[in-house]
Amino acid sequence: MHELSLAMEVIELAEKEAEKNRVSVILEMEIEVGDLSGVEAETFRSALEMIVRDTILENTLINVVRTPALGTCSNCNNEYEMRERLAACPLCRAYPSAIRGGQDFRLVSILAE
């Protein structure tokens with residue numbers, strides 16, 4: 001379950017940023033999890049919820065935003081949302097010639113007081 005280690009890294013990063021900026025309270029964080037990032041968004045969210053107790057993030061609103069991948073069909077040029085790397089075009093069942101987005105896993109923002 002690598003989502004747990006990723007959650008620990010995010011907490012560590014947020015704590016370092018808070019210390020560096022002399023912040024005592026983090027109000028909100030936004031984290032993007034791409035559908036093709038290899039991170040299961042709900043498992044990651046659950047891992048964060050488990051381990052934020054007794055940290056600076058204990059009362060933080062944490063937004064985990066799923067970002068889709070868009071495939072362009074190699075046969076009919078249809079653009080479609082992909083939830084997995086080998087998702088075929090829903091119109092003609094061909095595979096994509098290009099994939100845009102959905103591969104990132106990143107801490108987008110921290111709102112602190």
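The Cα trace of region 73-113 gives Rg and Dmax of 15.1, 52 Å, the first to one decimal, the second as a whole number. Estimated at 0.36 nm per residue, the fully extended path between Cys76 and Leu111 surpasses their Cα-Cα distance by 8.2 nm. Hey, rough spin-label estimate for Glu84 and Asn21, points 7 angstrom out along Cα→Cβ, what's it come to in nanometres? In this crude label model, Glu84 to Asn21 measures out at 3.9 nm.
Helix 41-51 and the long axis of the chain differ in direction by around 10°, with both axes built from C-alpha atoms.
Highest mean first, the peptides 103-109, 71-77 sorted by other C-beta atoms within 10 Å per residue fall in the order 71-77, 103-109. For the chain, the spread of Cα positions along the three principal axes, ordered from largest to smallest, is 54, 25, 17 Å. Principal-axis analysis of the Cα atoms of the chain puts helix 2-20 at an angle of about 50° to the longest axis.
Close amide-amide hydrogen proximity is noted between Ser74 and Tyr95, Ser97, each under 5 Å apart and 5 or more residues distant or on a separate chain (H modeled in the peptide plane; Pro and chain starts excluded).
How big is the charge dipole of the chain about its Cα centre, in debye rounded to the nearest 20, if each Lys and Arg gets +1 on its Cβ and each Asp and Glu gets -1 on its Cβ?
Computed charge dipole of the chain: roughly 480 debye.
Here, each number is a calculation from the coordinates, and none is a lab measurement. Keep in mind that this is a model prediction, so the values were computed, not measured. Cβ coordinates were reconstructed from backbone atoms using ideal geometry, including for glycine residues, and neighbour counts include every protein chain displayed.
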